[in-house]
Amino acid sequence: MSISREIPAVVRKAQLSASDPGKSVWVSANAGSGKTHVLAQRVLRLLLAGVAPAKILCLTFTKAAAANMAVKVFATLSKWTQIDDVALAASIEEIGIVRPDAATLTFARRLFARTVETPGGLKIHTIHAFCERLLHLFPFEANVPGSFEVVQDLEQAELLNDAKQKTLGAAEKDRGALGAALQRLVNETTQDNFGALLREAVSHREWFRQASPEDFVTALRRALGLAAGDSIASIETEMIEEGIAPKRWRDFADFLSQGSKTDCDRAALFLKAADIYESAKDSSPFPHAEELAKQASRSTREKSAKPSPFEMPPSATPQDEGVRTDCVAAYLGIFFTKAGEPQKKLVTKNLAMVRPDFVAQLDSEQARLVQLCERRKVAACFERTIALATVIREILSNYERAKAVRGLLDFDDLISRTLRLLQRSDARWVLFKLDSGIDHILVDEAQDTSEAQWKILEELTGEFAAGLGGNERPRTFFAVGDEKQSIFSFQGAAPHMFHQMRKLFERGLGSDVFQHIELKTSFRSVPAILDMVDAVFGCAEHQQGLVSSDKYMGHDALKHDLPGLIEIWQPIATKEEEAPGDWRLPLDLLDESDPANKLAQRVAQKISRLIAPGPNECVFDSDLNRFRPVGAGDILILVRSRGPFFEAVIRALKQHKVPVAGADRLQLTEHIAVMDLMAAGRVALLLQDDLTLASVLKSPLIGLDDDDLLKLAPGRAGSLFEALAQSGEKRHQQACETLTRWRGRAALSPFQFYARLLSGDGGRRAMEARLGAEAC
């Protein structure tokens, strides 16, 4: 029997206040403090208060959370139909209703049927599901297709990829801004980085939808502090044309050439820059020289409009830009190290005594160039961002057209179209048409609500405390969340708005009917863990980025009597100088000295000792109400991401004979064992596929190595299989027989084919011997 812990009176009072159906409540709740329990209690109390199920709207962030909430509510309502009066009265009192009378008990038993039979039922939705329903009811007002469908993740990824390919194909042939933008991105990124940039930008596509290209450019310049008209070309021209003018460079070169080797090296750079500049002065690498000369005499630097960052001046060419870049590189080499840091001394001591005026001018020029280099970095960031925005806008245009043709809306569309509907139409009329209105809105995991979703909630509750709605019947808003637990910022969640929106709703609904309640007590964790968290974030500096309110809400533990232990291990760093490995080994060969593998071995050893038989650490079992030895099932390993350590720790646990459930998520087609099996299937269908056959021959299923392939492949007259068949070596003949046997099974079903390959042919044993136990 599980241990029974008395919930402190102050905690129970806070829960009952939070579930009070007569007030609007904002709940700040720590992890494990019973957020879903309080929300379900509030729904039950609303139903017991006679509120029609159709007038209650519960919004959650995930489908799993919506299902969990619905299960809790309906399980309680179902239980109420089956228990006697005494038990029912006790259950109702537990949720905050004192001494329910006979009429209340009768009504409680009918609530299950009433809720189930209500048209539309109790509304427990994700915000996206609610928006989808609203748009289906008002397609004309929302300007959406009447029979639209919501595009799912895989289909959306396919549509975006098609739009990307179409855009990139068009950009390669384009000679305007789109082609220039793509060329800039290609020149400054790798293939992987370019793909990552596109994915990140597409995930924020609403930013590009909301602002026109002109507004976007203006806002970006303002955010970066970049003056109107500034570009890399204009700033690099300023570097060369102003300060020590090019006509004086040879004088400085003559002066420096009288000094040491370091001085002579700088003199050579002056001469190199002068040669490049003079050879190109009649063309257009420095198109703004005359303009900059005029501006130098102005007290304020108001720059006239210059060409777009994507369009060179009419007389400029890419070759001209390369000349300008070479000249700037040579000139900056005089004043900066290769790492980009300012040189500490520009002239050696003996030579500096000869012409101190030259030294002063060089120092002044260096200070000027330091500022210009910073401005150039900003301009580069601006131009790259504009280039990316140009490509992304075209991709999104193609994506939107593809959705329109198919009558599809994505999740972002559901939010944006619903917001427009509520802002364009009378929100009260829209909600009235939705089952004659909504009187009570409950929001779960409010910290993961995005800015646009908050605006929808503002529109939905706009009439709650005004006009007829405020006088006829009570209408409430309930939100529960914890900004410390926000994990969906990559999907637009705005945890920083959690406390802002609390203050906004408090002002809108009125402090007399609005309560802010804190649930600090954790029903889940022991004091040691909670105390450590509070110790870490007790420092104000550590709270930055975690909470946006004026104070950090600490934790209390319900299980105050249970012990706990926190171990902080020394980080394992990569060695600065690694010994060169054998070049013949595969690049992805497991390196036992890698930090991820070292840590994985340490974790596996620790767990192995914990679960070893004999006197050892114990765990408190709530069901048995006593301590017992630790078992493998008591241990949960949390990782930040499914990276190298994730795979390494599973491998290490199996090596130490620790029972482990394995990966909770696995991309089957990317696992080496599955790739080998897929290759075996392809070879069985087409033996003439030499590349696939070569990989199968080296796999554990066959067991040949590089030396075998070098004997077979180079200089062969026919296919690789023919060369294998003609070889007289026993290993090669056995491989040929295995492949022929596979070929004979090609007509079998995939299950039969792989069952025989893994069992009858010993493929499973071979894979486990080569790849380790985690492969099986």
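The residues on offer are THR126, THR104, and the sole one that is within 25 Å of THR418 (Cβ to Cβ) and not charged (D, E, K, R) is THR126. Just for the stretch 115-132: of the residues that are exposed (fewer than 15 other Cβ atoms within 10 Å of the Cβ) and farther than 14 Å from THR76 by Cβ, which one is modelled with the highest pLDDT? Per the criteria, the residue is GLU117.
With the requirement that a residue be closer than 20 Å to ASP265 by Cα and β-branched (Val, Ile, Thr), what does the stretch 351-399 give you? Within the stretch 351-399, VAL354, VAL359 qualify.
Looking for something touching a helix residue (DSSP H, G or I) at 6+ places or on another chain (Cβ under 8 Å), among the polar types (S, T, N, Q) and open to solvent by less than 50 Å² (accessible area, probe 1.4 Å) - is there at least one such residue anywhere in the stretch 161-170? The answer is yes; a qualifying residue exists.
For THR337, indicate whether it is farther than 23 Å from LYS247 by Cβ, modelled with pLDDT of 50 or more and touching a Gly at 6+ places or on another chain (Cβ under 7 Å). Criteria not met by THR337. When LEU701 is tested against (1) open to solvent by 20 Å² or more (accessible area, probe 1.4 Å); (2) over 23 Å from PHE753 (Cα atoms); (3) not hydroxyl-bearing (Ser, Thr, Tyr), only condition (2) is not met.
Residues checked against (1) over 26 Å from ALA211 (Cα atoms); (2) at pLDDT 90 or above; (3) not acidic (Asp, Glu):
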residue: LEU362; (1), (2), (3): yes, yes, yes
residue: ALA367; (1), (2), (3): yes, yes, yes
residue: GLN371; (1), (2), (3): yes, yes, yes
residue: LYS377; (1), (2), (3): no, yes, yes
residue: ALA380; (1), (2), (3): no, yes, yes
residue: ARG393; (1), (2), (3): no, no, yes
residue: ASN398; (1), (2), (3): no, yes, yes
residue: LYS403; (1), (2), (3): no, yes, yes
residue: GLY407; (1), (2), (3): no, yes, yes
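Only one of ALA684, ALA694 is in contact with a Phe, Trp or Tyr (Cβ under 7 Å, 6 or more places away or on another chain) and either open to solvent by 90 Å² or more (accessible area, probe 1.4 Å) or not charged (D, E, K, R) (or both). Can you tell me which?
Within the list ALA684, ALA694, the selection yields ALA684.
All of (1) under 36 Å from the mean Cα position of the chain (by Cα); (2) surrounded by fewer than 13 Cβ atoms within 10 Å (Cβ to Cβ) hold for GLU93 with one exception: (1). If the condition is being open to solvent by 70 Å² or more (accessible area, probe 1.4 Å) and under 21 Å from ARG222 (Cα atoms), then the stretch 346-374 contributes GLN371, GLU374. Within the stretch 58-80, identify whether any single residue is in a strand (DSSP E or B), at pLDDT 90 or above and of a type in the set (A, V, I, L, M, F, W, C), and answer yes or no. Yes; the residues of the stretch 58-80 include at least one that is in a strand (DSSP E or B), at pLDDT 90 or above and of a type in the set (A, V, I, L, M, F, W, C). Search the stretch 314-334 for residues being among the hydroxyl-bearing types (Ser, Thr, Tyr) and part of a loop (DSSP other than H, G, I, E, B), and hand back the single one that is modelled with the highest pLDDT. Ranking the candidates gives THR317 first. Within the stretch 381-403, does at least one residue satisfy the condition of being in a helix (DSSP H, G or I) and touching a Gly at 6+ places or on another chain (Cβ under 6 Å)? Checked the stretch 381-403: no residue is in a helix (DSSP H, G or I) and touching a Gly at 6+ places or on another chain (Cβ under 6 Å).
Suppose we filter ARG209, ARG250 for residues that are open to solvent by 30 Å² or more (accessible area, probe 1.4 Å) and either within 24 Å of ASP410 (Cα to Cα) or at pLDDT below 85 (or both); which single one remains?
Exactly one of ARG209, ARG250 is open to solvent by 30 Å² or more (accessible area, probe 1.4 Å) and either within 24 Å of ASP410 (Cα to Cα) or at pLDDT below 85 (or both), namely ARG209.
Here THR669 clears all of (1) assigned to a helix (DSSP H, G or I); (2) farther than 27 Å from ARG642 by Cβ; (3) open to solvent by 20 Å² or more (accessible area, probe 1.4 Å) except the condition numbered (2).
This table checks each residue for (1) within 20 Å of ASP482 (Cβ to Cβ); (2) surrounded by 20 or more Cβ atoms within 10 Å (Cβ to Cβ).
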| position | (1), (2) |
| --- | --- |
| GLU6 | no, no |
| ALA29 | yes, yes |
| LEU46 | no, yes |
| ALA49 | no, no |
| ALA52 | no, no |
| THR62 | yes, no |
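Here ALA723, ALA755 are screened, and the one residue that is farther than 30 Å from LYS606 by Cα, open to solvent by less than 90 Å² (accessible area, probe 1.4 Å) and touching a Lys or Arg at 6+ places or on another chain (Cβ under 9 Å) is ALA723.
Scanning the stretch 373-413 for residues that are out of contact with any strand residue (DSSP E or B) (no Cβ under 9 Å at 6 or more places or on another chain) and charged (D, E, K, R) turns up GLU374, ARG375, ARG376, LYS377, GLU383, ARG384, ARG393, GLU394, GLU400, ARG401, ASP412.
For the stretch 391-424, the set of residues classified as under 12 Å from VAL202 (Cα atoms) and crowded, with 18+ Cβ neighbours inside 10 Å consists of VAL391, ILE392, ARG393, GLU394, ILE395, LEU396, TYR399, ASP412, listed by residue number. So, in the stretch 728-747, of the ones that are among the charged types (D, E, K, R) and part of a helix (DSSP H, G or I), which residue ends up surrounded by the fewest Cβ atoms within 10 Å (Cβ to Cβ)? For the stretch 728-747, the residue satisfying everything is LYS730.
If only residues of the stretch 138-159 that are assigned to a helix (DSSP H, G or I) and in contact with a Leu (Cβ under 9 Å, 6 or more places away or on another chain) are counted, the one that is surrounded by the most Cβ atoms within 10 Å (Cβ to Cβ) is ALA142.
Could you say which residue among GLU458, GLU472 is surrounded by fewer than 21 Cβ atoms within 10 Å (Cβ to Cβ) and either in contact with a Lys or Arg (Cβ under 6 Å, 6 or more places away or on another chain) or modelled with pLDDT of 85 or more (or both)? Walk me through how you get there before you give the answer.
Numbers: GLU472 fails: either in contact with a Lys or Arg (Cβ under 6 Å, 6 or more places away or on another chain) or modelled with pLDDT of 85 or more (or both).
Every option except GLU458 fails the conditions.
The values are calculated or read from the model by the stated rules, or taken from the named source; none is laboratory data. Given the structure is predicted, the values throughout are model-derived calculations rather than measurements. Reconstructed Cβ throughout: ideal geometry from the backbone, glycine too, with neighbour counts over all protein chains shown. Note: areas computed on protein heavy atoms with side chains; ligands, DNA, RNA excluded. Shrake-Rupley method; radii C 1.70, N 1.55, O 1.52, S 1.80 Å.
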